[in-house]
Amino acid sequence: MTEQKNTMDIKSMTLEELQSHLVALGEKAFRAKQIYQWMHEKLAAGYEDMSNLSKDLRDKLQKENTFMKLNIVQVQESAIDGTRKYLFELPDGNVVESVWMKYHHGNSVCISSQVGCRMGCRFCASTLDGLERNLLPSEMLEQIYSIIRHTGERVSNIVVMGTGEPMDNYDNLIRFLRLISDDKGQNISQRNITVSTCGIVPNMRRLAEEKLQITLALSLHATTDEKRKQLMPIANKYSLKEVIDACKFYFEKTGRRITFEYSLVAGVNDTKEDANELVDLIRGMNCHVNLIPVNPIKERDYKQSNKEQIGQFKARIEKSGISATVRREMGRDIDGACGQLRRKHINKQC
């Protein structure tokens with residue numbers, strides 16, 4: 001895992017931190033609000049864009065603080081639904097991917113939280129090369145900011161569900177969430193932000209205490225500990241009971257409905273018995289089940305459940321009074337699954 005410098009770049013600072021920093025540099029505190037607005041509201045591409053700052057101040061900032069900006073390496077646009085997949089290069093040469101999706105209710109961006117992933121989930125391309133490093137708050141923000149600049153369209157929904165396990169990068173994640181929802185920046189409603197986790201129980205409980213109004217999505221994918229261990233190594237550390245209890249705790253603390261992500265793999269977790277066990281597991285909870293036809297990757301032999309099987313699975317859940325939807329498949333023709341585009345890029349470089 002690559003070591004990161006123990007310095008905070010300017011785009012990862014809160015407004016209060018930025019004010020203190022400028023005063024320490026011998027500048028007036030009010031300049032912080034101008035700089036913060038340029039970065040997080042006007043989405044400046046660099047210090048040179050900050051036209052109401054003196055050249056001396058811009059030069060000083062350039063010398064004292066890095067200004068995070070990602071380079072767009074590749075954009076793939078789906079001919080089916082207009083979904084765009086972005087491959088970004090980070091300052092250290094690593095690459096991450098993000099997805100821009102256009103819906104009737106607004107534009108959504110799915111971002112990465114790490115370079116690679118160490119969770120080892122069997123159906124995910126993100127984890128095949130392991131974890132390289134965590135992303136800084138500014139690197140998470142800049143995925144969104146770059147896409148807004150590139151598309152010229154506002155983003156109203158964010159999903160932290162790309163490459164990486166957000167709860168494995170906890171402190172940077174929390175800072176990112178507070179910055180992206182700040183009313184002095186993009187002011188994206190926390191209720192329009194979803195964070196996914198494979199089930200790191202201690203950090204799920206920490207998140208419940210943060211007084212945020214985001215949606216927590218648990219990657220469940222199986223209804224027994226034995227089957228979950230086959231699909232997700234994290235299940236060897238935290239049992240289903242511990243994970244479900246953490247979800248209940250999150251709801252108790254926040255009042256926010258839990259989303260259960262369930263990837264349907266043909267012949268593995270899509271049977272009538274699986275559906276009945278799922279109902280028994282989450283019955284009585286304020287929750288929603290998001291059924292995901294698994295996106296096949298060439299490195300694994302998992303296959304997607306057929307439409308009839310998916311429909312029957314969904315019907316059994318709904319019959320029990322639990323809300324369920326089948327995730328709309330987007331970007332299938334552009335390496336839509338997490339980690340596919342990044343892995344293809346890395347293999348080309350080898």
note = Across segment 191-211, the tally of residues that are modelled with pLDDT of 95 or more and surrounded by fewer than 18 Cβ atoms within 10 Å (Cβ to Cβ) stands at 6
request  = Identify, by number, the condition in (1) buried (at least 20 other Cβ atoms within 10 Å of the Cβ); (2) assigned to a loop (DSSP other than H, G, I, E, B) that LYS184 doesn't meet.
outcome  = (1)
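One residue is enough: does segment 261-283 have a residue meeting the conditions of a type in the set (Lys, Arg), under 18 Å from VAL160 (Cβ atoms) and surrounded by fewer than 19 Cβ atoms within 10 Å (Cβ to Cβ)? Reasoning before the result, please.
Taking segment 261-283 first, the residues of a type in the set (Lys, Arg) are 272, 283.
So of that shortlist, the ones also under 18 Å from VAL160 (Cβ atoms) come out as none.
No - not one qualifying residue is present in segment 261-283.
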query = Quick check, is GLY162 under 16 Å from the mean Cα position of the chain (by Cα) and at pLDDT 95 or above?
reply = no
ask   = When you scan segment 77-100, how many residues do you find that are at pLDDT below 95 and either closer than 14 Å to LEU141 by Cα or assigned to a strand (DSSP E or B) (or both)?
value = 1
message = I'd like the full set of residues that are crowded, with 19+ Cβ neighbours inside 10 Å and of a type outside the set (Gly, Ala, Ser), limited to segment 139-156.
response = GLU139, MET140, LEU141, GLU142, GLN143, ILE144, TYR145, ILE147, VAL155
query = Counting only residues that are within 19 Å of GLU308 (Cα to Cα) and aromatic (Phe, Trp, Tyr), how many does segment 230-287 have?
reply = 1
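Would you point out which residue out of LYS248, LYS303, LYS319, LYS253 is surrounded by fewer than 18 Cβ atoms within 10 Å (Cβ to Cβ) and modelled with pLDDT under 95? Even if it seems obvious, please write down each step before you answer.
Working: LYS248 fails: modelled with pLDDT under 95; LYS319 fails: modelled with pLDDT under 95; LYS253 fails: modelled with pLDDT under 95.
LYS303 is the lone residue from the list that is surrounded by fewer than 18 Cβ atoms within 10 Å (Cβ to Cβ) and modelled with pLDDT under 95.
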ask   = Within segment 130-138, can one find any residue that is surrounded by 14 or more Cβ atoms within 10 Å (Cβ to Cβ) and part of a helix (DSSP H, G or I)?
value = yes
remark   = Taking segment 83-119 and keeping only residues that are of a type in the set (Gly, Ala, Ser) and under 17 Å from the mean Cα position of the chain (by Cα), one is left with SER98, SER108, SER112, SER113, GLY116
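Yes or no: VAL73 in contact (Cβ under 8 Å) with a residue 60 or more places away in the chain, assigned to a strand (DSSP E or B) and surrounded by fewer than 16 Cβ atoms within 10 Å (Cβ to Cβ)?
On the way: in contact (Cβ under 8 Å) with a residue 60 or more places away in the chain: yes; assigned to a strand (DSSP E or B): yes; surrounded by fewer than 16 Cβ atoms within 10 Å (Cβ to Cβ): yes.
For VAL73, the condition - in contact (Cβ under 8 Å) with a residue 60 or more places away in the chain, assigned to a strand (DSSP E or B) and surrounded by fewer than 16 Cβ atoms within 10 Å (Cβ to Cβ) - is met.
Residue-wise test of (1) in contact (Cβ under 8 Å) with a residue 24 or more places away in the chain; (2) closer than 26 Å to ASN187 by Cα; (3) buried (at least 19 other Cβ atoms within 10 Å of the Cβ); (4) among the aliphatic types (A, V, I, L, M).
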position	(1), (2), (3), (4)
MET13	no, yes, yes, yes
ARG31	yes, yes, yes, no
LYS63	no, no, no, no
PRO91	yes, no, no, no
HIS105	yes, yes, no, no
request  = Give me the pairs, please: first residue somewhere in segment 211-228 and over 17 Å from VAL289 (Cβ atoms) and of a type outside the set (Val, Ile, Thr), second residue anywhere and modelled with pLDDT of 95 or more and in a loop (DSSP other than H, G, I, E, B), beta-carbon distance under 9 Å, and either six or more positions apart or on two chains.
outcome  = LEU212/SER181; LEU212/ARG256; GLN213/SER181; GLN213/SER189; GLN213/GLY255; GLN213/ARG256; ASP225/SER239
request  = Just need a number here: residues in segment 113-124 that are buried (at least 24 other Cβ atoms within 10 Å of the Cβ) and in contact with a Cys (Cβ under 8 Å, 6 or more places away or on another chain).
outcome  = 2
ask   = Within the group GLU41, GLU64, which residue is over 30 Å from LEU220 (Cα atoms), more than 17 Å from the chain's Cα centre (by Cα) and at pLDDT 95 or above?
value = GLU41
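Would it be correct to say that LYS63 is within 30 Å of TYR103 (Cβ to Cβ) and among the basic types (Lys, Arg)?
On the way: within 30 Å of TYR103 (Cβ to Cβ): no; among the basic types (Lys, Arg): yes.
So LYS63 fails the test.
The values are calculated or read from the model by the stated rules, or taken from the named source; none is laboratory data. For clarity, every value in this text was computed on a predicted model and none was experimentally measured. Here the Cβ is made from the backbone with ideal geometry for all residues, glycine too, and neighbour counts use every protein chain on show.
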